[in-house]
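Peer 1: What follows is a single structure, and I will ask about it in a moment.
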Amino acid sequence: MNAETDLKSQLPGLDNDDTPVRGFSPALSGKTACVVGSGFGGLALAIRLQSAGIATTVVEKRDKPGGRAYYWEKDGFTFDAGPTVITDPPCLEELWALTGHDISDDIELMPVFPFYRLNWPDGTNFDYSNDEESLRQEIGKLEPEDIAGYHRFLDYAAGVYEEGYVKLGHVPFLDFKSMLKAAPALAKKQAYRSVYSIVSSFVKNEKLREALSFHTLLVGGNPMKTSAIYALIHKLEKDGGVWWAKGGTNRLVAAMVKHFERLGGTMRLGDEIVQLHSLGNRITGVETKSGWRQDFDAVASNADIMHSYRDLLSTSKRGGDYAKTLSRKKFSPGLFVVHFGLEGTWPGIPHHMILFGPRYKGLLEDIYDNGVLSQDFSIYLHHPTVTDPSMAPPGKSTFYALVPVPHMGKLAMDWSELGPILERRILDEVGRRLVPDIHDRIVTKFHYAPKDFAGDLNAHLGSAFSLEPILTQSAWFRGHNRDDVVRNFYLVGAGTHPGAGIPGVVGSAKATAGLILQDLSVPA
């Protein structure tokens, strides 16, 4: 092997005819980066760094990539851990386009319609979508006078989408000045109000208020407290639709891994990072449980934010100091998820359903404030086989039923004892409202509780979405995309700006990648 050939093998930015691929930066050749964790945010960041010519290694604790987008295969069924709602496909397409590739070569995204069916205990159904005429009819069934109010709400959502997502969703907030600069526009949009409060100012029907505010729960936020800026989700869905990755969310993860490795990136699975060694204000090495150790120019953590500082940076003063700060913040609730496979197919049950309980505000107070496991609950029901039959054996169906519960800091329960009881209650409710003989039809089932989030994902308090997305924990008040003290340590994912959800963590990757590329381009 001659020197020229050897050089080419080390430069993933060169193709066979020596032409740099789109996005590759020769100035970054020879630079290295490590991404801790392979969730959507971590993989998106790794793809961006590798696309720019930085030799990037992703280190993952578990046997499969994906983080919260893990999956299980049992008795012929495929069970995605989540997330299951894909919005804003362009934010994903961009990861392939950086190097002139096409996402459709690696994964098929399938439209979901309706986006959600909302169901209340009195039997009322509401199908939410972006089809103007059918949505007008759905609103009219609840309250004809709210049709005009809904359209005014959409105008509001479009405004906060422009300010909160287009302008700020990919921009790091590294100092308080950046927050002050954004404050006037956010104040004009009344970001200090809650989503529920804003919705209520446009529509009067209580069911419609619930239908237009529940979305914050999908990113860990209480509709009664989460900033009204999150109304932007409606604009995001209206313009881009709701999608499903054929074969499951796990196949989207697999496609991202395939693309990352195609660019020359390295995946290291089943080897947990135990220490980020530091000296002064720099990380000097990454060490795993197996004893593997390597130095990198930049290290970014897609792991839980508390775990990143308290545990991985435990030998650094900065790690202990910021962990104390984080311990005083509010974390999102936990989730209890029942995965089950049924005999039979259910064309009448849509892909996504919300089965509201008898209470809304009171239930949210029990989950977020009181730390009470209530007798009543609301269920997010996921039924992917109605869109994609490949998720189950022929003639069978895959489901999961998800219930928000207080995190382990508010509810100190023995989930090994409580889990089977709550699982039965949830299945009973799904049976009562949708599948009367559900217990006779169950082929396989298992549940996943806050203690599993804590053990498998190092999630602080078993929280499913990291820091709660309230205004005082958003943007600059959230974990910074680049640490303030350890200059080559970065964050990506739900614990940093802009927050949870696929568009959120992919946006965080864009913000963080920009900082890393900028920092590594500057001569040492």
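What follows draws every value from the coordinates through simple rules; no lab data is involved. Everything numeric here is computed off the predicted structure, so don't read it as measured data. With ideal geometry, Cβ positions are generated from the backbone for all residues, glycine too; neighbour counts draw on all protein chains shown.
Peer 1: Taking Cα centroids, how far is segment 22-82 from segment 334-360 in Å?
Peer 2: 30 Å
Peer 1: In degrees from 0 to 90, rounded to the nearest 10, what is the angle of the helix 132-142 Cα long axis to the longest principal axis of the chain?
Peer 2: Approximately 50 degrees, to the nearest ten.
Peer 1: Test of understanding: ordering Leu434, Leu118 by Cβ neighbours within 10 Å, fewest first, what list do you get?
Peer 2: Listing Leu434, Leu118 from fewest to most nearby Cβ atoms yields Leu434, Leu118.
Peer 1: Also: I need Arg433, Arg251 ordered by Cβ neighbour count within 10 Å, fewest first.
Peer 2: With the sparsest Cβ surroundings first, the list reads Arg433, Arg251.
Peer 1: With axes computed from alpha carbons, what is the tilt in degrees of helix 249-262 against the longest principal axis of the chain, rounded to the nearest 10 within 0 to 90?
Peer 2: Taking the Cα atoms of the chain, the angle to 249-262 is about 10 degrees.
Peer 1: Under 8 Å for C-alpha pairs, at least 6 residues apart: give me the relative contact order for segment 333-460, rounded to a whole percent.
Peer 2: Relative contact order of segment 333-460: 38 percent.
Peer 1: What order, most packed first, do the peptides 494-505, 52-63 have when packing is the mean number of other Cβ atoms within 10 Å of each residue?
Peer 2: Those peptides, ordered most packed to least, come out 494-505, 52-63.
Peer 1: Moving on to the next point. Run the numbers on the chain and let me know its relative contact order in percent, using alpha-carbon pairs under 8 Å that are six or more apart.
Peer 2: On the way: 1062 pairs, mean separation 113.2, N = 524.
Contact order relative to length: 22 percent.
Peer 1: Oh, and also: With both bridge residues required to lie in the chain, what share of the DSSP beta bridges run antiparallel, to the nearest 5%?
Peer 2: Around 70 percent antiparallel, to the nearest 5.
Peer 1: What whole number of Å gives the distance from the Cα centroid of segment 365-416 to the Cα centroid of segment 180-241?
Peer 2: So the two Cα centres are separated by 23 Å.
Peer 1: Over segment 197-282, how many pairs of lysines fall under 25 Å by alpha carbon, counting only those 8 or more apart in sequence or from different chains?
Peer 2: Taking the Cα cut-off of 25 Å, the pair count is 11.
Peer 1: Here is a further query. Assign one of three labels to segment 333-460, namely rounded, prolate or oblate, based on the Cα gyration tensor with a ≥ b ≥ c the square roots of its eigenvalues; rounded applies when a/c is under 1.5, prolate when it is not and a/b is larger than b/c, and oblate otherwise.
Peer 2: prolate
Peer 1: What distance in nm separates the simple spin-label points at Asp175 and Gln375, each placed 7 Å from Cα in the Cβ direction?
Peer 2: 5.7 nm
Peer 1: Another one. Express in nm, to one decimal, how much length is gained between Val274 and Arg424 on full extension, taking 0.36 nm for each residue of separation and deducting their alpha carbon distance.
Peer 2: 50.3 nm
Peer 1: Provide the packing ranking of 350-358, 378-386, i.e. peptides ordered by the mean count of other C-beta atoms within 10 Å per residue, highest first.
Peer 2: 378-386, 350-358
Peer 1: Quick one: check the C-alpha center-to-center distance for segment 242-309 versus segment 447-476, whole angstrom.
Peer 2: Segment 242-309 and segment 447-476 have Cα centres separated by 19 Å.
Peer 1: In nm, to one decimal, how far is the Phe446 label point from the Asp105 one, both placed 7 Å along Cα→Cβ?
Peer 2: With each label point 7 Å from Cα toward Cβ, the separation is 3.6 nm.
Peer 1: For segment 177-268, just say rounded, prolate or oblate: build the C-alpha gyration tensor, square-root its eigenvalues into a ≥ b ≥ c, call rounded for a/c under 1.5, and beyond that prolate if a/b exceeds b/c, oblate if not.
Peer 2: Oblate.
Peer 1: Right, something else. Run the numbers on segment 330-394 and let me know its relative contact order in percent, using alpha-carbon pairs under 8 Å that are six or more apart.
Peer 2: Numbers: 52 pairs, mean separation 25.1, N = 65.
Computed over segment 330-394, the figure is 39 percent.
Peer 1: Here is a follow-up. Work from the charge dipole of the chain (Cβ charges, +1 for Lys and Arg, -1 for Asp and Glu, about the Cα centre) and give the residue of Gly514, Ile470, Gly248 farthest towards its positive end.
Peer 2: Of the listed residues, the answer is Ile470.
Peer 1: To the nearest 10 degrees, how steep is helix 415-433 against the longest Cα principal axis of the chain, on a 0 to 90 scale?
Peer 2: Helix 415-433 sits roughly 50 degrees off the main axis of the chain.
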